[in-house]
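*Asks:* Just passing along the structure, written as structure tokens.
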There are 2 protein chains.
Amino acid sequence: MAVSEAEAAVMEVLWRASPRSAEEILAEVGPAQGWQEGTVKSLLNRLLKKKAVKAEKDGRRYLYTPLLSREKYVSQESKGLLDRLFDGRVAPLVAHFSEQRKLSKKDIAELRKLLKELDDE
Amino acid sequence: MAVSEAEAAVMEVLWRASPRSAEEILAEVGPAQGWQEGTVKSLLNRLLKKKAVKAEKDGRRYLYTPLLSREKYVSQESKGLLDRLFDGRVAPLVAHFSEQRKLSKKDIAELRKLLKELDDE
DNA sequence: ATCGACAATTTACACGTGTAAACATTAATT
DNA sequence: AATTAATGTTTACACGTGTAAATTGTCGAT
């Protein structure tokens, strides 16, 4: 089963640094999302069921560590969107943003650099 | 409220050609998705509630037309992913696919062309 | 005017999600 | 040992989604 959006917010915390306790996770994500303690606990349990994180005992509490990597998660999400909307190809996606004038100077510069690097291989 | 994935499959049919009757939509999308008549009817009604399509009477049936454009839908979906996973910037997304070796020859060629065109403006 | 066919609208139901309270367990403190 | 504080586990509930059956409405043919 897929990691939901709220669950992903918890994963983001763990991807930044792990292992972490529920309390630490709450401290980092609670204020921003307006979440109570119970909410984070639930999300952690669902992530455990989904095998997206693991927990190891540390005294009276647990420390959580990601099992699903950010790379993998990002790949799945990106591929999903690409397949659904752009026939699985990257160029049309970029073209879309280009048409919407959503490419920043920085984006363009970075894309140029990227293509140049691909040349050198 | 957002157009869901199943609903989007119905929208795709209407984006290809409209207006269309429920029966026509079913004929086009039913087999591929394995959907019964009732399923398509439900999805159409939800799309009506969401103001994503409109219906005009044609004899004893209705003909449906998109109100939400594919452009707009694609923009929303893409922006959502970009903001959630790539800090709102396009270049990191492309870099991600590049690292995963998911850029086809064709993609690369098209991206080159795109950047060249941006130059000429 | 009634019946039948067809199409739309309503209702249904299981499951995931966002959100959290209630309850249980465990370790520390009195 | 009993109580309390901290933390984890279970239960809850409303809402959206995927899927479709049941019901209602309507036009055309007897």
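The values are calculated or read from the model by the stated rules, or taken from the named source; none is laboratory data. Since the model is a prediction, treat every value here as computed from it, not as a measurement. Backbone-built Cβ (ideal geometry, glycine too); neighbour counts: all protein chains shown. Side chains included, ligands, DNA and RNA excluded: accessible areas come from the protein's heavy atoms. Shrake-Rupley method; radii C 1.70, N 1.55, O 1.52, S 1.80 Å.
*Asks:* Enumerate the pairs (first residue in segment B:67-78 and more than 17 Å from B:Leu48 (Cα to Cα); second residue anywhere and among the small types (Gly, Ala, Ser) and in a helix (DSSP H, G or I)) with beta-carbon separation below 9 Å, excluding pairs fewer than 6 apart on the same chain, so at least 6 apart or on different chains.
*Replies:* As it stands, the answer is B:Glu77/B:Ala8, since those pairs meet every condition given.
*Asks:* Take residues that are of a type in the set (Phe, Trp, Tyr) and either open to solvent by 40 Å² or more (accessible area, probe 1.4 Å) or in contact with a helix residue (DSSP H, G or I) (Cβ under 9 Å, 6 or more places away or on another chain) (or both) and tell me which of the helices (runs of 4 or more DSSP H) falling wholly in segment B:1-114 contain 2 or more.
*Replies:* Numbers: elements: B:5-16, B:22-33, B:37-49, B:70-86, B:90-99.
Hits in segment B:1-114: B:70-86.
*Asks:* Of all the residues that make up segment B:30-43, how many are of a type outside the set (Gly, Ala, Ser) and more than 10 Å from DNA strand D (Cβ to nearest atom)?
*Replies:* Here is the first cut: in segment B:30-43, the residues of a type outside the set (Gly, Ala, Ser) are B:31, B:33, B:35-37, B:39-41, B:43.
The next check asks that each one be more than 10 Å from DNA strand D (Cβ to nearest atom); those that pass are B:31.
Selection size over segment B:30-43: 1.
*Asks:* In segment A:56-70, how many are aliphatic (A, V, I, L, M) and either within 18 Å of A:Met1 (Cβ to Cβ) or more than 11 Å from DNA strand D (Cβ to nearest atom) (or both)?
*Replies:* First, the residues of segment A:56-70 that are aliphatic (A, V, I, L, M): A:63, A:67-68.
Checking which are either within 18 Å of A:Met1 (Cβ to Cβ) or more than 11 Å from DNA strand D (Cβ to nearest atom) (or both) leaves us with A:67-68.
Result for segment A:56-70: 2.
*Asks:* Has segment B:87-108 got at least one residue that is within 14 Å of another protein chain (Cβ to nearest Cβ) and touching a residue at least 24 places away in the same chain (Cβ under 8 Å)? Steps first, answer last, please.
*Replies:* Just the residues of segment B:87-108 that are within 14 Å of another protein chain (Cβ to nearest Cβ), to begin with: B:87-108.
With the extra rule that they be touching a residue at least 24 places away in the same chain (Cβ under 8 Å), the set shrinks to none.
No, segment B:87-108 has no match at all.
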